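A short worksheet on the structure shown next.
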Amino acid sequence: MPRSTVARLAAIAIVAGAFSGLFGVGGGGIMVPLLVLWLGFEEREATGTSLAAIAIIASVAVLVQGIGYGKVDVTKGVVIGIPAIAGVVAGTALQQRIPTRAISGIFAVVLLASAVSLVT
């Protein structure tokens, strides 16, 4: 892997990690767009790569938030996480069936709606 690619991946990781710590987001909202824009990843590859990274990032974030600050409610996390597995399976299956352009458009609309919702 070229050094420039490694450097860009590291930059994306730092930004995503910072956003994970600050806001609880980083993978889908930060990492996927940067992988697509900076490194030319295809949308599905960016999503899969982001999910692999999120597993590592989330594990450390839970430890830091839980042990360091006592801000983790494990019971609520399980209540949210278990049903989310069905959503992941369904969402992944759907993602494989719709055009990449549509995935990008839907994702952009969700990000924009989230941004508007946060500032109003």
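A short reminder: the numbers here are calculations on the coordinates, not readings from a lab. Worth saying up front: this structure is predicted, and the values here are computed from it rather than measured.
The helix-only estimate of mean residue ellipticity at 222 nm for the chain, built from DSSP H runs of length n ≥ 4 each weighted as -39500 (n - 2.57), is -26000 deg cm²/dmol after division by the residue total. For Val25, the amide hydrogen comes within under 5 Å of the amide hydrogens of Ser20, counting only partners 5 or more places away or on other chains and with H modelled in the peptide plane. Each residue of the range 92-103 was assigned a 3J(HN,Hα) from its phi angle through the Karplus expression (A = 6.51, B = -1.76, C = 1.60, θ = phi - 60°), giving 5, 4, 5, 4, 6, 9, 10, x, 4, 4, 5, 4 Hz with x at Gly and Pro. Note on Cα Rg over 2.2 N^0.38 Å: of the candidates (i) 1.48; (ii) 1.14; (iii) 0.96, the value calculated from this structure sits at (ii).
Whole-Hz Karplus values for the range 68-75 come out as x, 10, x, 10, 10, 9, 4, 4 Hz, taken residue by residue from phi with 6.51 cos²θ - 1.76 cosθ + 1.60 and θ = phi - 60°; glycine and proline positions read x.
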